[in-house]
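One structure follows; several queries about it will come next.
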Amino acid sequence: MKIAFLGASLTEGVYGGNYVRAAAARLPQHTIINHGVGGNTVNKLRQRVEGVLEDAPDVCFVLPGSNDALAYVFPATRAYYKSQQELPNGYLEPDDYGVIFRDILTELSLGHVLVLVGLPPMEYSPSAQAAMALFNAKTRESAESFNMPIFDFGVHFNTPDVPERPPWGCKPFSRLAIGSRRAGTIMTPSKRGAGIGIVLTGYTSRRPPPSKPVTCWLNGLKKRYKMGAGKTHALHADISVNHPRGVVLI
């Protein structure tokens, strides 16, 4: 049996844990296909349903809504979600999210795929948890209308004593390395080395990449990345996907 997983960074497995890999280890007799892409909002998941169906899965587990909740509750992140996730206003109202998620379930069902739905946890702050609850309610409502099984991860992973933390922010930067001006975005609560999420955008190839490694701060630790010919996307993936809890400071 083919089992597909559709979601964002939690599904891609970039936060240290990887529930898809754990599922694959427990289900060695089945083919596991990971369609997780970090940062995706529900509109991007909707665009990628066609790719899921091309794999002809028997089952698809969908874990949506975490980025939609963050965009909704933290206005300073909306520039990122507008430019990178193609949300016209940088966020969706819960009702609009529900409409798009229902479209996802409809298309998967029409493709004769058994759909399982997950409700993601949220532990960043009380306000983020409250927003996640709003979007999970819309996810649940759509799944129940299709009589689809629902797995609530928040019941098992959310804690009742989540501390207040600075709201996520988003600010531009224009320098990745000495002598190499590029555009990009830092998503961070604003404290050096304590950021949440990195996105590098607009890296052009008008000039050769810098010969010296790019210096970045990730989780307060200094990292250096060597950029060579054709490494633009590798750098983007390495930082924004594999180290999503860092902040880039040059």
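The values are calculated or read from the model by the stated rules, or taken from the named source; none is laboratory data. For clarity, every value in this text was computed on a predicted model and none was experimentally measured. Here Cβ is always computed from backbone atoms with ideal geometry, including for glycine, and neighbour counts include all displayed protein chains.
Looking at this structure, is Ser127 more than 28 Å from Lys2 (Cβ to Cβ) and either basic (Lys, Arg) or part of a helix (DSSP H, G or I) (or both)?
For Ser127, the condition - more than 28 Å from Lys2 (Cβ to Cβ) and either basic (Lys, Arg) or part of a helix (DSSP H, G or I) (or both) - is met.
Here's a follow-up. Can you tell me how many residues within the range 76-122 are at pLDDT below 95, in a helix (DSSP H, G or I) and either in contact with a helix residue (DSSP H, G or I) (Cβ under 6 Å, 6 or more places away or on another chain) or not aromatic (Phe, Trp, Tyr) (or both)?
Summing the residues that are at pLDDT below 95, in a helix (DSSP H, G or I) and either in contact with a helix residue (DSSP H, G or I) (Cβ under 6 Å, 6 or more places away or on another chain) or not aromatic (Phe, Trp, Tyr) (or both) in the range 76-122 gives 8.
Residues of the range 106-135 being closer than 20 Å to Glu164 by Cβ, touching a Phe, Trp or Tyr at 6+ places or on another chain (Cβ under 6 Å) and crowded, with 22+ Cβ neighbours inside 10 Å, which ones?
Ala131
One line per residue, one yes/no per condition, for (1) among the aromatic types (Phe, Trp, Tyr); (2) in contact (Cβ under 8 Å) with a residue 60 or more places away in the chain; (3) surrounded by 21 or more Cβ atoms within 10 Å (Cβ to Cβ):
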site: Thr11; (1), (2), (3): no, no, yes
site: Tyr19; (1), (2), (3): yes, no, no
site: Ala23; (1), (2), (3): no, no, no
site: Leu27; (1), (2), (3): no, no, no
site: His35; (1), (2), (3): no, no, yes
site: Gly38; (1), (2), (3): no, yes, yes
site: Glu54; (1), (2), (3): no, no, no
site: Val59; (1), (2), (3): no, no, no
site: Gly65; (1), (2), (3): no, yes, yes
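Going through the range 32-86 one residue at a time, which ones are of a type in the set (Gly, Ala, Ser) and farther than 19 Å from Met122 by Cα?
Gly51, Ala56, Ala79, Ser83
Matching residues to (1) farther than 22 Å from Ala133 by Cβ; (2) touching an Asp or Glu at 6+ places or on another chain (Cβ under 6 Å); (3) charged (D, E, K, R):
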| site | (1), (2), (3) |
| --- | --- |
| Ile33 | yes, yes, no |
| Glu50 | yes, no, yes |
| Pro75 | no, no, no |
| Tyr80 | yes, no, no |
